[in-house]
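Notes follow once the structure below has been shown.
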Amino acid sequence: VKASGLAAGKGVLLPTTQEETIEAVKEIMSDKAFGAAGDTCVIESFMTGPEASCLAFCDGKTAVLMPAAQDHKRALDNDEGLNTGGMGAYAPAPCVTPEMHKEIEAMCIKTVEKMAERGTPYVGVLYAGMMLT
């Protein structure tokens, strides 16, 4: 359950039951735990697995992927507690194998190529947040 506005990286609650989900929506929308950021909230399917942040340099024609990074998401040990909003990060991310790195880079390249074909070439750093399920 996510506050849809800007919440300094802290607008996400991770309920595991229907009751907890209802309480999370109340906390975000009624109790205003994240202020105006929670005027609207998003409810998504719960996915488990490591996350990796992948950034690619783009020149409007192609992309080159940097080593994947991971950040420390939860405040407590054993992946428990609230999201931290970024307590630190490390790279390369051990969960991204060399083969997976090639696949992610291919996705980034395809994205940049399609944007150029549409007449909207992208120059900059492309962010791909990957959930490895």
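The values are calculated or read from the model by the stated rules, or taken from the named source; none is laboratory data. Remember, it's a predicted structure, so these values are computed and weren't measured experimentally. Methodologically, a virtual Cβ is constructed for each residue, glycine included, from the backbone with ideal geometry; neighbour enumeration extends over all protein chains shown. Heads up: the accessible areas ignore ligands, DNA and RNA and are worked out on the full protein's heavy atoms, side chains in. Shrake-Rupley method; radii C 1.70, N 1.55, O 1.52, S 1.80 Å.
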Where N is the number of residues in region 39-133, Cα Rg divided by 2.2 N^0.38 Å: 1.25
C-alpha long axis of helix 98-117 to longest principal axis of the chain, angle in °: 80
Any aspartates and glutamates with Cα under 12 Å of the K10 Cα? List them, leaving off those in the same chain fewer than 8 positions away. none
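Using only DSSP helix segments of four residues or longer, with each worth -39500 (n - 2.57), what per-residue ellipticity at 222 nm results for the chain after dividing by its residue count and rounding to 500? Don't skip to the end; give the middle numbers.
Working: 2 runs with 28 residues, N = 133.
The helix-only estimate for the chain comes to -7000 deg cm²/dmol at 222 nm.
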Applying 1/(1 + (r/R0)^6) with R0 = 25 Å to the Cβ-Cβ distance of E103 and A69, what FRET efficiency is obtained, to the nearest 0.05? 0.90
For the chain, what does the accessible surface come to per residue with a 1.4 Å probe? Please give it in Å². 65
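I'd like the carbon and sulfur percentage of the solvent accessible area for the chain, probe radius 1.4 Å, heavy atoms only, ligands and nucleic acids excluded. Let's see the in-between values first.
Values: 4940 of 8650 Å².
Looking at the chain in its full context, I get 57 percent from C and S.
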Count the lysine pairs in region 29-113 whose Cα atoms lie under 27 Å apart, taking only pairs 8 or more positions apart in sequence or on different chains. 5
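Which GluC sites (Glu not before Pro) does region 18-78 hold that lie in a coil by DSSP with at most 10 other beta carbons within 10 Å?
Passing both the DSSP loop test and the Cβ count: E44.
Pairs of alpha-carbon atoms within less than 8 angstrom and 6+ residues apart define the contacts here; what relative contact order does the chain have, in percent? List each step's numbers first, then the result.
Details: 234 pairs, mean separation 36.6, N = 133.
Across the chain, relative contact order equals 28 percent.
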